[in-house]
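Trainee: I am attaching a structure below and will ask some questions about it afterwards.
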Amino acid sequence: MREEILAGARREGEEIMLCARQDAELSLTGAAAEADRLYRERLDQARVEASRKSELILATVSVETARLRGARVEALLESVCEEARRRLQAREGFDYHEAVITLAADAIKQMAGDTFVLRLSKTEQTILGDGLAAEIAPRIGRPVNINVLYEEEIGGGGVVVEDAEVRQVWDNHLLKRLERLWPELRRWIAAEASFVPKTRSGGDST
């Protein structure tokens with residue numbers, strides 16, 4: 001009887017061990033499968049995140065490149081404008097006498113009336129002379145009376161044109177004219193230098 005009880009206990013113990021071993025193997029297999037699933041899931045997430053960050057970096061690079069290019073173009077255009085100002089102030093590279101005649105005539109052509117006053121700097125009287133009105137009148141295209149005044153308070157570099165009642169005033173100082181024309185000139189220079197696409201424009205007549 002004792003032997004039978006011991007034999008039964010051994011068999012029962014072996015069965016328990018076998019079941020435990022099988023359960024452990026199943027648990028290990030399930031754990032390995034879950035670990036593999038989690039690994040693949042995390043790997044996919046990492047790839048998606050890496051792709052997103054890569055796209056963000058590329059977009060940032062593109063924006064920064066455009067910003068730097070824009071800043072460089074702006075600096076170049078500003079240097080052109082500064083050089084234009086310098087040359088106008090120095091009367092460099094053009095016939096100043098002829099420029100004043102043209103500036104005065106262009107202004108008068110766009111103003112109503114037949115009597116006009118040209119106001120110029122006193123310092124330029126010796127440069128421009130006293131026959132300026134006679135040189136300008138034939139270029140207007142209609143009969144006009146022109147009086148030329150050289151005044152201390154008028155800045156140099158161009159001419160201010162007024163009608164007789166001072167209801168129309170046209171400031172054609174060189175730097176003022178550059179200031180008015182610069183937006184259009186800026187676009188033209190940028191297009192000619194291939195900084196921006198060329199577009200059709202009517203220009204600035206003033």
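None of the figures in this text is laboratory data; all of them are computed from the coordinates on show. If you're wondering where the values come from, they're calculated on a predicted model, not measured in any experiment.
Trainee: How many angstrom lie between the Cα centre of segment 9-78 and the Cα centre of segment 98-135?
Mentor: Spelled out, the Cα-based centre of one part sits 79 Å from the other.
Trainee: Compute log10 of I(q)/I(0) for the chain with the Debye formula, placing one identical point scatterer on every Cα and leaving out solvent, at q = 0.11, 0.14, 0.19 Å⁻¹, to two decimals.
Mentor: Here log10 of I(q) over I(0) equals -0.75, -0.96, -1.28.
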